[in-house]
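The values are calculated or read from the model by the stated rules, or taken from the named source; none is laboratory data. Nothing here was measured: the structure is a model prediction, and the numbers come from that model. Using ideal geometry, Cβ is built from the backbone for each residue, glycine included, and neighbour counts are taken over all protein chains shown.
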Amino acid sequence: MRALLFLLLVSVLPGEAAARREALGIFQLWGAFREENRCYAISEPYRSPRPDAWRPFAAVGFWPRHGVRSQIHFRLSRAKRRGSAVLLRIDDRTFQLIGGGNNAWAPDGRADAAILAAMRAGIEMTLETRSERGTLVRDSYRLRGAATAIDSAAIACARPAR
């Protein structure tokens, strides 16, 4: 499973970016990476519809040059229907996300912080929305290793790049 996760994570970002990517570690079901201008923790869903032309993922990103820390980003397994809500459930908590196409984010920094806290303490998270065709889309993630991967990415971006 770890080898599969690593291969997924390396394939998420194409070509030149992959050449400059530094793997910080694989922690259970999450990986942490550093690139020239950013660091991130990332995982793929363990349960989702078969993806269309892209691979779904959940990520927590850090862009020190832009003052961005702990930004939540999801690539959905299906493009969402315009006007459809995107709900994130982490154990017994629910958050409403914003987004378009096949992407979703927390609406602001306060929501990012609340989601991150829930992820650190949680066991599983599931995103739900309606696809462009109107079908229910559910992408489910296990959170084992998420806190360690997020911490690794945060620490890597706190240090100057090599």
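Tell me, which residue of the range 141-159 that is touching a residue at least 40 places away in the same chain (Cβ under 8 Å), among the aliphatic types (A, V, I, L, M) and assigned to a helix (DSSP H, G or I) is surrounded by the most Cβ atoms within 10 Å (Cβ to Cβ)?
So, considering only residues that are touching a residue at least 40 places away in the same chain (Cβ under 8 Å), among the aliphatic types (A, V, I, L, M) and assigned to a helix (DSSP H, G or I), the one surrounded by the most Cβ atoms within 10 Å (Cβ to Cβ) is A153.
Tally up the residues in the range 109-121 that are within 16 Å of the chain's Cα centre (by Cα) and either closer than 13 Å to Q71 by Cα or surrounded by 20 or more Cβ atoms within 10 Å (Cβ to Cβ) (or both), please.
So the count comes out to 9.
Cβ-Cβ under 7 Å, sequence separation 6+ or interchain: first residue in the range 54-65 and under 15 Å from L127 (Cα atoms) and surrounded by 17 or more Cβ atoms within 10 Å (Cβ to Cβ), partner at pLDDT below 90 and not hydroxyl-bearing (S, T, Y). Which pairs?
So the pair list comes out as F57/V12.
Looking at R138, R82, can you tell me which residue is charged (D, E, K, R), within 15 Å of the chain's Cα centre (by Cα) and either in a loop (DSSP other than H, G, I, E, B) or more than 18 Å from G31 (Cβ to Cβ) (or both)? Break it down stepwise before answering.
Details: R82 fails: within 15 Å of the chain's Cα centre (by Cα).
Exactly one residue qualifies, and that residue is R138.
Only one of (1) in a helix (DSSP H, G or I); (2) free of Cβ contacts under 8 Å to residues at least 40 places away in the same chain; (3) surrounded by 14 or more Cβ atoms within 10 Å (Cβ to Cβ) fails for G99. Which number is that?
Only one criterion in (1) in a helix (DSSP H, G or I); (2) free of Cβ contacts under 8 Å to residues at least 40 places away in the same chain; (3) surrounded by 14 or more Cβ atoms within 10 Å (Cβ to Cβ) is unmet by G99, namely (1).
Got at least one residue in the range 39-51 being surrounded by 19 or more Cβ atoms within 10 Å (Cβ to Cβ), touching a Leu at 6+ places or on another chain (Cβ under 9 Å) and under 18 Å from P107 (Cβ atoms)?
There is no residue in the range 39-51 that is surrounded by 19 or more Cβ atoms within 10 Å (Cβ to Cβ), touching a Leu at 6+ places or on another chain (Cβ under 9 Å) and under 18 Å from P107 (Cβ atoms).
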